[in-house]
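Engineer: Let me give you the structure first, and then I'll get to my questions.
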């Protein structure tokens, strides 16, 4: 018994080529011809996504490392800077984001079960929760800018208790805006992808055999959630 | 004769049909909420030099939960495990080598 070749797949009734099995004659519309079956395709695509996530871990890792170095150098300024973060808003956003991870995981579950409406609903909820997160972040940014905490020529804030900390606080805010900004950028890209996925899920692209794209979307979304899991204590909760 | 590549060692030949139960996902969410509350509660108490290590430990636990269950690594082939573990290994290299330089310089302000 041999595996079907590309020729077999394209010419199921051709003379001399006996379709090896039903899969060859009626192969899944989303099976790429260079894969043997959907299982192999699924494994290859999730593994590829994990390589991307590995790269993302190192991308954010470099910034976290720089954060660590400057925090060790200016601990008092870091503590004073974190004081300008509202931990209640941070907690709210953490709950919203973990909630969106739950709905994302449920969307993958629904796609695996070929529950078209459930999957679409969960993706819509994920999009709404993600948008709420970015919206709250925008509100926080506005408050910081209003306080004169945006680094650069607009930085008008003076730390009255100890003016020598002012520049250290500015440095903290550089890290704050860089880290949360890159995180928010990932959220916005994820939201854009979600809109496309909502369309595909509603169209009924996904089912028991083919759900890899939703799974991969989930990997991305959960990774962004993990970045926030570290950002929240490191930016909001330090003394 | 068409060549038939040998996939005998291939782990996921058939579609991976493993599907976690809905209850499991809600339990994971619940656990993450508990740890979120724990991290905020721990930060409200002054534990001196222990505040940051505790906050980071909780974050690592939360991240591990997300990776294993939400990202399905627990039911993934070994190859995925290798990629996941090695990515954190490289992150470790990044931190250890960089910090072993910066934190051992005499001119540091502490």
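Engineer: Please indicate, with yes or no, whether at least one residue in the stretch A:195-206 is within 28 Å of residue A:233 (Cα to Cα) and under 19 Å from the mean Cα position of the chain (by Cα).
Structural biologist: Keep residues of the stretch A:195-206 that are within 28 Å of residue A:233 (Cα to Cα), which gives none.
Checking the stretch A:195-206: not a single residue is within 28 Å of residue A:233 (Cα to Cα) and under 19 Å from the mean Cα position of the chain (by Cα).
Engineer: Looking at this structure, is residue A:132 in contact with a helix residue (DSSP H, G or I) (Cβ under 9 Å, 6 or more places away or on another chain), in contact (Cβ under 8 Å) with a residue 60 or more places away in the chain, away from every other protein chain (no Cβ under 14 Å) and in a helix (DSSP H, G or I)?
Structural biologist: no
Engineer: Is there any pair with a first residue in the stretch A:138-156 that is more than 12 Å from residue A:176 (Cβ to Cβ) and a second that is not in a loop (DSSP other than H, G, I, E, B) whose Cβ atoms are under 8 Å apart and which are 6 or more apart or on different chains, and what are they?
Structural biologist: A:139/A:89; A:154/A:145; A:155/A:170; A:155/A:173
Engineer: Could you tell me which of the residues B:107, B:69 is at pLDDT 95 or above and either more than 9 Å from chain A (Cβ to nearest Cβ) or over 24 Å from residue A:66 (Cβ atoms) (or both)?
Structural biologist: Only one candidate qualifies: B:69.
Engineer: Right, next: Name every residue in the stretch B:25-46 that is free of Cβ contacts under 8 Å to residues at least 24 places away in the same chain and more than 9 Å from chain A (Cβ to nearest Cβ), in order of residue number.
Structural biologist: B:27, B:30, B:34, B:38, B:41, B:45
Engineer: Testing residue A:211 on (1) farther than 26 Å from residue B:61 by Cα; (2) more than 12 Å from chain B (Cβ to nearest Cβ), one condition comes back false. Which one is that?
Structural biologist: (2)
Engineer: Name every residue in the stretch B:77-100 that is in contact (Cβ under 8 Å) with a residue 40 or more places away in the chain, assigned to a helix (DSSP H, G or I) and at the interface with chain A (Cβ under 7 Å from one of its Cβ atoms), in order of residue number. I'd like the intermediate steps shown before the answer.
Structural biologist: Within the stretch B:77-100, the first condition is being in contact (Cβ under 8 Å) with a residue 40 or more places away in the chain, and the residues that meet it are B:77-79.
Cutting the leftovers down to assigned to a helix (DSSP H, G or I) gives us B:78-79.
Hit for the stretch B:77-100 is B:79, nothing else.
The values are calculated or read from the model by the stated rules, or taken from the named source; none is laboratory data. All values derive from a computational prediction rather than experimental measurement. Please note: Cβ atoms are built from the backbone with ideal geometry, for glycine as well, and neighbour counts cover all protein chains shown.
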